[in-house]
Amino acid sequence: MEMTSIIAARDLVKRFGSFQAVKGISFEVEQGHCIGLLGPNGAGKTTTMRMIMGLSTVSGGTLEVFDIPVGAMTRGIKSKIGLVPQESNLDSDITVSENLKVYGRYFGLAANVIGERVPRLLEFMQLHERAESRVTQLSGGMKRRLIIARALISDPELIILDEPTKGLDPQARVLIWNQLLELKRRGKTLLLTTHNMDEAQRLCDRIIIVDHGEILDEGSPRDLIDRHVLGHVFEVGKPLPAALNGKHWEHEDIGDAVLFYVRSSDDFVAGLPDSADFIQRPANLEDVFLRLTGRKLREN
Amino acid sequence: MLAAPITSTLAVTWRQYVVWRKLLRSSIATNVLNPILFLFAFGFGLGRFIDSMQGVSYMAFVVPGMIGYAAMFAASFETTIGAFSRFYQQRNWDAVLSTPVKLRELLFGEVLWAALKAMISAVCVLVVGWLWGGIPSLSGALIALPIVFVAALGFASYGLVATSMAQGYEFFSYFFTFWVTPMFVFCGVFFEIDRFPIYIQAISWVLPMTHLIAIIRPLTVGLPVDMAMMAFHLGYSVALTIAAFAIAFLQIRRRMFD
Ligand SMILES: Nc1ncnc2c1ncn2[C@@H]1O[C@H](COP(=O)(O)OP(=O)(O)OP(=O)(O)O)[C@@H](O)[C@H]1O
Ligand SMILES: [Mg+2]
């Protein structure tokens, strides 16, 4: 099947003065897919999304959204994109439903269209009981849901979500996951960032891992796990049993212990003495993430 | 259907109106009571010692000045403290620019709203001043109002220039000290500028408020209007407004998008 790319970035660069936040990345987002942009703090995810929205100029390379360079984006194209920003920028002095109505006007929507969509969106994000509350009276989780509802006011085809579940409790997270999957079923294209690997694994068809403004790898969650951390992880305490020395298992030293990435757990266990101290678990996306981006804390 | 740039601009202005409705009380306190209190001070205080100025009663002299000041203060406040908090603290401008609204429409919507608010203040002062006998020519005052509106678009734009340069709220203390207050003191709001030495008068004529008052005072007082001079004062204000809006636009574009 021929795939239409909704977003196409080629050698995309963003410079802030002499600092390069995005260093020539190339990727595509196909129609109807959910693509995850994953990376440590400061990797350049938000910067990339802001360039896609036309909120930040492109310093180098090309970036096309709906086949149009972002610099030449028309009103029509802009209306087809909804953004959930990382930081809340709701209108805090007015009510929940007023926030949606005001936002709808920015898209030039007719009053009757807005009037019909607002209750539906509030229902979709389970905010209908708070329609008349001021935003200042909402909890953090409700505000997050309102921002998502707001991004949907123009019924966009492409939805860009910068940490949509930031600061949410598990219940609210599940609600948002379900609603995002529902949007995907309706054929919407999603580009998402998150620091929650479980979320990325559930929602994303493909994941792009970035760090320091560069793409480290991309693929489906399965492929990435297969490629980088095989299938199983054994965390073996130090000192290592002699049986493990000299054998060529994929491994990573994490200080007190060594992580072994193995395809078949039986083979690995067979070579261990009974006294060995280890923890075994299936490998997941978090292992891939940490393996690719390192374990050091990102400061500054 | 209106053209898209107009719909976008009005959407921004409408948002300001929706928020303003909620915060009506504090807004009225700052923009309406403030100039009216000044009017009382001038009327009861200074007015007692001054029989006439430029051949008219002191109230007739000071009311048009206070109309101009009220408009200038309200418009300046809106596009400085108000706009800066939307730009910088609430990040409302980011939200707006994530929609089809373009930066120039956003900024023009801000300026338009500031000018409308300025008109609310100006009209309140006009009504109080008229009841007080400070408006000898009501028809002249009504002609003055659209001119006050044009000038208010300017005051809003000058405020936006300050906002485009501000890195924090403290910056606006410079704006109020070196721009708003001088326009109160040096532009003939509450006494005639010919009393200043000539080099101070030169400063007065650079400031747009002087030109506004030079147009509206003869109107509210009911003096004959010199059309050529009126065109000159208005032209000066409009040119300065366009320059200020362009500077604000370019600086904000650089700050937001680069
Ligand atoms: N306006 C700016 N001026 C200068 N540097 C900036 C600006 N915006 C972002 N940066 C820098 O660009 C880099 C990438 O930032 P960005 O916000 O894109 O990271 P991120 O991947 O979204 O991180 P996080 O997970 O913390 O949200 C960081 O080093 C950041 O400090
Ligand atoms: Mg970010």
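Values in this text are rule-based calculations from the coordinates and carry no lab data. Keep in mind that this is a model prediction, so the values were computed, not measured. Note that we place each Cβ from the backbone using ideal geometry, even for glycine, and neighbour counts take in every protein chain shown.
Antiparallel as a % of all DSSP beta bridges within the range A:5-225, to the nearest 5?
55 percent
Peptide A:99-107: average number of partner chain Cβ atoms within 10 Å per residue?
The shielding value for this peptide is 6.
Order by neighbour count: A:Met3, A:Met142, B:Met165, fewest other Cβ atoms within 10 Å first, most last.
Fewest-to-most ranking of A:Met3, A:Met142, B:Met165: A:Met3, B:Met165, A:Met142.
Please give the residues of the range A:151-177, grouped as numeric ranges, whose backbone N is less than 13 Å from a label point set 7 Å along the Cα-to-Cβ vector of A:Gln31.
A:157-158
So, in Å, what gap is there between the alpha-carbon centers of the range B:59-121 and the range A:86-156?
25 Å
So how do A:250-263, A:208-221 stack up, highest first, on mean other-Cβ count within 10 Å?
Going from most to least packed, we get A:208-221, A:250-263.
If you project the alpha carbons of the range B:1-112 onto the principal axes, what extent comes out on each, in Å, largest first?
Largest to smallest, the principal-axis extents are 58, 28, 21 Å.
Note down the relative contact order for the range A:5-225 as a percent, whole number, built from C-alpha pairs under 8 angstrom at least six residues apart.
In percent, rounded to a whole number, it is 30.
Using the 10 angstrom Cβ neighbour count as an exposure proxy, how do A:Val70, B:Val101, B:Val56 rank, fewest first?
The order, fewest Cβ neighbours first, is B:Val56, A:Val70, B:Val101.
How big is the C-alpha Rg of the range B:8-59 next to the rule-of-thumb value 2.2 N^0.38 Å, as a ratio?
It is 1.81.
Where does the range A:5-225 land on Rg/Rh, using Cα atoms and the Kirkwood Rh?
0.96
Filter the DSSP H helices in chain B by two things, a Kyte-Doolittle mean of at least 0.0 and an axial alpha-carbon span of 30 angstrom or more, and list the hits by number.
Span-like helices, by this rule, are B:103-131, B:138-165, B:227-257.
For the range A:228-235, in order, what is each residue's ³J(HN,Hα) by Karplus, 6.51 cos²θ - 1.76 cosθ + 1.60 with θ = phi - 60°, in whole Hz (x at glycine and Pro)?
Ordered by residue, 3J(HN,Hα) equals 9, 10, 6, x, 10, 10, 10, 9 Hz.
How do the peptides A:7-13, A:287-293 rank, highest first, by the average count of neighbouring beta carbon atoms within 10 Å per residue?
The most tightly packed comes first, giving A:287-293, A:7-13.
Residues of B:3-12, mean number of Cβ from any other protein chain within 10 Å of their own Cβ, rounded to a whole number?
3
Need one number: the % of Cα-Cα pairs in the range A:230-282 sitting beyond the 15 Å mark.
Cα-Cα pairs in the range A:230-282 separated by more than 15 Å: 37 percent.
Please report Rg over Rh for the protein assembly as shown, where both radii come from the alpha carbon positions and Rh follows the Kirkwood definition.
Using Cα coordinates only, the ratio equals 1.13.
Distance check, please: which entries in A:Lys14/B:Lys117; A:Lys78/A:Lys166; A:Lys143/A:Lys296; A:Lys78/A:Lys143; A:Lys80/A:Lys166 exceed 30 angstrom between their Cα atoms?
Flagged as over cut-off: A:Lys14/B:Lys117; A:Lys143/A:Lys296.
Going by Cα centres, the range B:176-211 and the range A:198-276 are how many Å apart?
Cα centroid to Cα centroid, the span is 75 Å.
Hey, what's the per residue convex hull volume over the C-alpha atoms of the range B:129-258, in cubic angstrom?
130 Å³
Amide H of A:Glu30 versus every other amide H placed in the peptide plane: which residues, excluding those fewer than 5 positions away on the same chain, fall under 5 Å?
Those lying under 5 Å, H to H, from A:Glu30 are A:Ile6.
Test of understanding: ordering A:Ile25, A:Ile160 by Cβ neighbours within 10 Å, fewest first, what list do you get?
So the ranking, lowest neighbour count to highest, is A:Ile25, A:Ile160.
How many nm is it between the label spots at A:Arg10 and A:Arg263, if each spot is 7 Å from the Cα in line with the beta carbon?
Those two pseudo-labels are separated by 3.7 nm.
How long are the semi-axes of the equivalent ellipsoid of the range B:27-257, taking √(5λ) for every eigenvalue λ of the Cα gyration tensor, in whole Å from largest down?
Square roots of five times the eigenvalues give 32, 17, 16 Å.
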